[in-house]
Amino acid sequence: MPEPTNGTDLRELLRVPPGEPVDLGRHDPGATPGGPGGKAAALAGTARLAATLAGLQERLYAASTRGDRRSLLLVLQGMDTSGKGGTVKHVAGAFNPAGCRVKAFRAPTVREQAHPFLWRVARALPLPGEIGIFDRSHYEDVLVPRVHDLVPRPVLDGRYEEINRFERTLADEGTTVVKVFLHIGREEQRARLLARLDDPDKHWKFSPADLAERARWAAYRKAYELALERCSTDAAPWYVVPADRKWYRNWAVARLLLGHLEDMAPRYPEGDFDVEECRARLIAR
């Protein structure tokens, strides 16, 4: 199984230190920090990691049948085309759907808008034994409103601490929260949007509104920097994963998940029955 080439835990390389200012301009979206040594090695490493992650997921789910209340939540955020859906496909594809819950958050519905902003998120959380994956998340409620000036600033500023309290409660109740910002460069986004225009089979993934949002690149970057700075905590840290190279992005997210699941160390529960007695009954029939 590939390890970061310098022997450092990838979580330490990519983690946003709590309380420190964040400048995404200092993070190269095309870099491969701690990478396994190129595209071929990353692809092979990600494939090998899939089996290990699937085994850990099965143990987590099995433990929940005997009262283990723990779960894991992977939060994916990033600019348009940064690869949130692709990450779900390549990293979570090995998980058993029975123990994996994927939720893609879009613009809130009228019903959702009638509730506090965390209401719809709480309804989508993983149950004990599950791995939950959010494609976008509650962070949309401090990103889009800030960029489009939809919410009074005092209300918006209060949401950061609401989020911190919410995530701290999740951690206290046994949910490991892994938050990943997929950091794509502006030129790489342009190339991916052009690729969608060039391929009729991908026109469904494109909207002219994407261009209007792209024009607000600087505002979104500042909004992300504030969210990363104010909401990277010991209970729920943020990780900045360079996303220009898809093969590195997938490998890095897989390794982040592996590190957290190994720390959780889920175990298969012992049977609460007499194995030999059951064996004898089966043979006798």
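The values are calculated or read from the model by the stated rules, or taken from the named source; none is laboratory data. This one's a predicted model, so the numbers in the text were calculated from it and none came from an experiment. Neighbour counts run over all protein chains shown; Cβ positions are idealised from the backbone, glycine included. SASA here: full protein model, heavy atoms, side chains in, ligands and nucleic acids out. Shrake-Rupley method; radii C 1.70, N 1.55, O 1.52, S 1.80 Å.
Within segment 41-86, the residues that satisfy the criterion of being over 24 Å from T169 (Cβ atoms) and of a type in the set (D, E) are E58, D80. With the condition kept exactly as written, say whether any residue in segment 29-39 is β-branched (V, I, T) and either open to solvent by 20 Å² or more (accessible area, probe 1.4 Å) or at pLDDT below 95 (or both). Looking through segment 29-39, at least one residue is β-branched (V, I, T) and either open to solvent by 20 Å² or more (accessible area, probe 1.4 Å) or at pLDDT below 95 (or both). A51 passes every criterion in (1) at pLDDT below 95; (2) open to solvent by less than 70 Å² (accessible area, probe 1.4 Å); (3) not in a loop (DSSP other than H, G, I, E, B) apart from (2).
Figure legend. Inter-residue proximity from segment 259-285: first residues among the aromatic types (F, W, Y), second residues open to solvent by less than 50 Å² (accessible area, probe 1.4 Å), beta-carbon distance below 8 Å, spacing 6+ or different chains. Indicated pairs: Y268/A62; Y268/A63. The helices (runs of 4 or more DSSP H) located wholly in segment 108-194 that include 1 or more residues which are of a type outside the set (S, T, N, Q) and open to solvent by 70 Å² or more (accessible area, probe 1.4 Å) occupy 110-113, 153-172. Exactly one residue among R11, R69 is part of a loop (DSSP other than H, G, I, E, B) and in contact with a Gly (Cβ under 7 Å, 6 or more places away or on another chain), and that residue is R69. Among (1) part of a helix (DSSP H, G or I); (2) in contact with a Pro (Cβ under 9 Å, 6 or more places away or on another chain); (3) open to solvent by 10 Å² or more (accessible area, probe 1.4 Å), where does A252 come up short? Unmet for A252, out of (1) part of a helix (DSSP H, G or I); (2) in contact with a Pro (Cβ under 9 Å, 6 or more places away or on another chain); (3) open to solvent by 10 Å² or more (accessible area, probe 1.4 Å): (3). Looking across segment 262-285 at every residue that is of a type in the set (G, A, S) and over 43 Å from the mean Cα position of the chain (by Cα), the one that is surrounded by the most Cβ atoms within 10 Å (Cβ to Cβ) is identified as A280. None of W204, W247 is surrounded by fewer than 19 Cβ atoms within 10 Å (Cβ to Cβ) and of a type outside the set (D, E, K, R) except W204.
Scan segment 14-23 for residues that are more than 14 Å from V180 (Cβ to Cβ) and either open to solvent by 30 Å² or more (accessible area, probe 1.4 Å) or in a helix (DSSP H, G or I) (or both) and the total you get is 6. Across segment 65-79, the qualifying residues are those that are surrounded by fewer than 19 Cβ atoms within 10 Å (Cβ to Cβ) and touching a residue at least 12 places away in the same chain (Cβ under 8 Å), and the one among them that is farthest from Y220 (Cα to Cα) is R66. Against the conditions (1) more than 30 Å from A212 (Cα to Cα); (2) touching a Leu at 6+ places or on another chain (Cβ under 6 Å); (3) of a type in the set (A, V, I, L, M, F, W, C), A63 satisfies every one except (2). Restricting attention to segment 209-231 and to residues that are among the small types (G, A, S) and under 20 Å from P17 (Cβ atoms), the residue that is surrounded by the fewest Cβ atoms within 10 Å (Cβ to Cβ) turns out to be A223.
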